Number of protein chains: 2
Amino acid sequence: MSVVYEKVALIGLGLIASSMYWAMKRDGLAGEVTGYARSAETRDTAREIGLCDRVCDTAVEAVQDADLVVLCVPVGVMGDVAAEIAPHLKPGATVSDVGSVKGAVIEAVAPHLPDGVHFVPSHPMAGTEHSGPRSGFAELYDGKYCLIVPVPGSDRDAVDRLKALWNGMGAFTDELEAEHHDRVCAVTSHAPHLIAYTMVGVADDLRRVTDSEVIKYSAAGFRDFTRIAASDPTMWRDVFLSNKDATLEILGRFTEELFALQRAIRQGDGDHLHDYFTRTRAIRRGIIEAGQDTDAPDFGRSGSKS
Amino acid sequence: MSVVYEKVALIGLGLIASSMYWAMKRDGLAGEVTGYARSAETRDTAREIGLCDRVCDTAVEAVQDADLVVLCVPVGVMGDVAAEIAPHLKPGATVSDVGSVKGAVIEAVAPHLPDGVHFVPSHPMAGTEHSGPRSGFAELYDGKYCLIVPVPGSDRDAVDRLKALWNGMGAFTDELEAEHHDRVCAVTSHAPHLIAYTMVGVADDLRRVTDSEVIKYSAAGFRDFTRIAASDPTMWRDVFLSNKDATLEILGRFTEELFALQRAIRQGDGDHLHDYFTRTRAIRRGIIEAGQDTDAPDFGRSGSKS
């Protein structure tokens, strides 16, 4: 691979940024990568583990001369960070972000950016339940999708160059329009997370009654919800607040369907249940065929014959 | 390990039974293991892959002289199978089952069993999203819990011997009372499955609108729901119909909590969301500390640094 950007600045050093760093280094995609995190503890950790070529004590210092600045902070503070760095951006630089919501981020960030700076929002559809500077790894984006969400007037060359970076880090890229992005993510990511959080919350209430049984016997399904529900609280608070309408719409549909299934259970309508469960099985096959998950029997977690 | 039962009969040859067979063989826990499945195709597959020492064409033949008979069929047909085999059981034999619901199974099976045959229901809390005779593997039960649910008057020696078998196959065992079992499983397994099925159903409806985006971008959370929702439709139909009350109660609590979170989103109550998401994170740590899942960042699925 060849260098895509001479100088990259990562603002925020959590799972997404640290995985970007390791992936850019693995693939030789960037010259120097600077990093900044608001917390001194995170900056110390980054220095200790060699995360970023240079860790800066201010965002302004980190973005100095950068060809690409990537905002890797919770969606709720993107606007503040953009306002702070805007006067210090190099003319011709590209600013991107990795927020899970695009409409609200564009609204918050775009007004701050000076003319001659290109804004190309993005959203890598990958993650783990871990967070913080130690959680990143170079392979996170391999074979996953990174959605590129150009804003009206986004420079074509700037868009293509950012896509080249993500492709270099192992990801597929697709271009989506912001509102459509936010609706798709409400289905594939935001609503599932809220539902998982809810189920774990219910079990947590009951745990006080049933002691540790909920935990001991979690391998029969519940366990998978707890993994999703262990994701970063600040990030997810901001996601729900900034993609409110699309998330609430999907949750409304979800509740409707859930009520229909509850009624089928109450009425003993086995055919309805069986048909429904057969249909949902097919979508799983689609995901495996698309290479977005493996067919390994992961509920068992440990070694298997297949 | 030494032999726990001279002759074991497995009725039904899906994921649970086939994993039991491989585990019993790995650990030398049984003399001869016979197997029976209603479908000729399943019996042929079992013979082809060497699943069971002897595959029989009838359940009656399989249970002949068996010291332990394990019913590994969907909960809804346990009663019929018990009625069929009952006159052919060896005096002193133990009958067990692996159903995910215990109250309804005990009600359906117990009346058919003759005096002098011991009934000791069980429920291994382990599984994968795969089903059928090819899906089993010896390690499925390693480190998982198998719940033993003695019925009133269950013979102590028969209970202890069945526990020894499950311990030999790598599982921990706990004894629970049937009604309590069904309530705990409604939380840890039944409600999570219905919720996952529902979320996947919603996405499947939307997929017709958004083409394959739901599948392509599934790695951001939705993917984990599809794995649960790919479980066997017949098995799960029967579980919901036979653990109706406990499942509906948990779903009622779930809906209450979901509505509270939806209201917090609508009203922009970030503190409520953040507190909730912080609390659910703790339960995940409990599961990892209890050894019921690994801390590996599984969302990434592929190699990681940790």
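The values are calculated or read from the model by the stated rules, or taken from the named source; none is laboratory data. Everything quoted here is computed from the prediction, not taken from an experiment. Here the Cβ is made from the backbone with ideal geometry for all residues, glycine too, and neighbour counts use every protein chain on show.
Computed quantities for the displayed model
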| item | result |
| --- | --- |
| Per-region count, the stretch B:57-82, residues more than 20 Å from the chain's Cα centre (by Cα), in a loop (DSSP other than H, G, I, E, B) and either in contact (Cβ under 8 Å) with a residue 24 or more places away in the chain or buried (at least 23 other Cβ atoms within 10 Å of the Cβ) (or both) | 4 |
| Contacts under 8 angstrom Cβ, first residue in the stretch A:178-198 being in contact (Cβ under 8 Å) with a residue 60 or more places away in the chain and over 17 Å from A:Pro124 (Cβ atoms), partner among the aromatic types (Phe, Trp, Tyr) and in a helix (DSSP H, G or I), 6 or more apart | A:Val187/B:Phe222; A:Ala191/A:Phe254 |
| Selection status of A:Ile85, outside any strand (DSSP E or B) and over 16 Å from A:Ala178 (Cα atoms) | yes |
| Some residue of the stretch B:72-80 being touching a helix residue (DSSP H, G or I) at 6+ places or on another chain (Cβ under 6 Å), more than 14 Å from chain A (Cβ to nearest Cβ) and more than 20 Å from B:Pro150 (Cβ to Cβ) | yes |
| Test for B:Ala110: is it surrounded by fewer than 18 Cβ atoms within 10 Å (Cβ to Cβ), in contact with a Phe, Trp or Tyr (Cβ under 7 Å, 6 or more places away or on another chain) and either not charged (D, E, K, R) or not in a helix (DSSP H, G or I) (or both) | yes |
| Given (1) surrounded by fewer than 24 Cβ atoms within 10 Å (Cβ to Cβ); (2) within 7 Å of chain A (Cβ to nearest Cβ); (3) out of contact with any strand residue (DSSP E or B) (no Cβ under 7 Å at 6 or more places or on another chain), index of the condition B:Lys216 fails | (3) |
| Filter result for A:Leu140 (in a loop (DSSP other than H, G, I, E, B), within 7 Å of chain B (Cβ to nearest Cβ) and not polar (S, T, N, Q)) | yes |
| Residue tally, condition aliphatic (A, V, I, L, M) and at the interface with another protein chain (Cβ under 7 Å from one of its Cβ atoms), over the stretch B:251-292 | 8 |
| Complete set of residues in the stretch B:224-268 that are touching a residue at least 60 places away in the same chain (Cβ under 8 Å), of a type in the set (Gly, Ala, Ser) and assigned to a helix (DSSP H, G or I) | B:Ser242, B:Ala246 |
| Of the criteria (1) touching an Asp or Glu at 6+ places or on another chain (Cβ under 7 Å); (2) in a helix (DSSP H, G or I), which one A:Gly170 fails | (2) |
| Which listed residue, of A:Gly201, A:Gly221, is within 14 Å of B:Ala191 (Cα to Cα), in contact with a His (Cβ under 7 Å, 6 or more places away or on another chain) and not assigned by TED's automatic domain parsing to the domain that holds A:Tyr145 | A:Gly221 |
| Residue among A:Thr280, A:Thr234, A:Thr188, A:Thr255 that is among the β-branched types (Val, Ile, Thr) and touching a Leu at 6+ places or on another chain (Cβ under 8 Å) | A:Thr255 |
| Test: residue in the stretch B:118-131 that is outside any loop (DSSP other than H, G, I, E, B), in contact (Cβ under 8 Å) with a residue 40 or more places away in the chain and among the hydroxyl-bearing types (Ser, Thr, Tyr) | yes |
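Conditions tested, residue by residue: (1) at pLDDT 95 or above; (2) under 19 Å from A:Ile250 (Cα atoms).
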position	(1), (2)
A:Pro152	no, no
A:Asp155	no, no
A:Leu162	yes, no
A:Leu165	yes, no
A:His180	no, yes
A:Thr188	no, yes
A:His193	no, yes
A:Ala196	no, yes
